[in-house]
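In what follows, a structure is listed as structure tokens, so that the remarks can point back to it.
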Amino acid sequence: MPDPRVFFAAERTLLAWLRSGLTVIGLGFVVARFGLFLSVIAASGAAPGARGPHWASTALGILLVLLGSGTILAALANHRAYVRTLPRQDVPQLPAHWLAPFLSLCVALLGFLLAGYLAVA
């Protein structure tokens, strides 16, 4: 008897990793922009002890964005490798079987573009 629950469990796992990667990307963006916030506060004179550019938070933020994007790509590779090991009858014939992998690729690509934007901005 075919059991599509195995495939759908793998799909849920991919989507869970996608959410985790998005969370790390979001955290990276916040960390990178926190350095900009500190620079604005220092320039306004509101924080007399703060000085100079805060490149460390920008670099850490970019690293977190890249880590999140890499996590999504690695999860997609694991998902594809696992689905290839399933028997043919356990993989349901879905009308949009490409949707979760496509979403993962798009989010990872946007994460890499965001890292590039943070690097030059």
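The values are calculated or read from the model by the stated rules, or taken from the named source; none is laboratory data. All values derive from a computational prediction rather than experimental measurement. With ideal geometry, Cβ positions are generated from the backbone for all residues, glycine too; neighbour counts draw on all protein chains shown.
Filter the range 77-121 down to residues that are among the basic types (Lys, Arg) and free of Cβ contacts under 8 Å to residues at least 12 places away in the same chain, then give me how many there are. I'd like the intermediate steps shown before the answer.
First, pick out the residues of the range 77-121 that are among the basic types (Lys, Arg): 80, 84, 88.
Among the residues that remain, those that are also free of Cβ contacts under 8 Å to residues at least 12 places away in the same chain are: 84, 88.
Count: 2.
Could you say which residue among VAL24, VAL107, VAL6 is in a helix (DSSP H, G or I) and touching an Asp or Glu at 6+ places or on another chain (Cβ under 7 Å)?
VAL6 is the lone residue from the list that is in a helix (DSSP H, G or I) and touching an Asp or Glu at 6+ places or on another chain (Cβ under 7 Å).
Anything in the range 75-94 that is part of a helix (DSSP H, G or I) and aliphatic (A, V, I, L, M)? List them, or say none.
Hits for the range 75-94 are ALA75, LEU76, ALA77, ALA81, VAL83.
In this structure, is ALA32 within 21 Å of the chain's Cα centre (by Cα), more than 15 Å from GLY111 (Cα to Cα) and modelled with pLDDT of 85 or more?
no
For VAL6, all conditions in the list (1) among the β-branched types (Val, Ile, Thr); (2) at pLDDT 95 or above; (3) closer than 30 Å to GLN89 by Cα hold save one; what is the number of the exception?
(2)
Which ones in the range 40-57 are assigned to a helix (DSSP H, G or I), crowded, with 16+ Cβ neighbours inside 10 Å and modelled with pLDDT of 75 or more?
SER57
Can PHE7 be described as among the aromatic types (Phe, Trp, Tyr) and more than 21 Å from ALA119 (Cα to Cα)?
Yes; evaluated as a whole, the condition is true for this residue.
Here are some residues: ALA75, ALA115, ALA119, ALA108. Which one is farther than 16 Å from PHE29 by Cα and either small (Gly, Ala, Ser) or in contact with a Leu (Cβ under 6 Å, 6 or more places away or on another chain) (or both)?
Within the list ALA75, ALA115, ALA119, ALA108, the selection yields ALA75.
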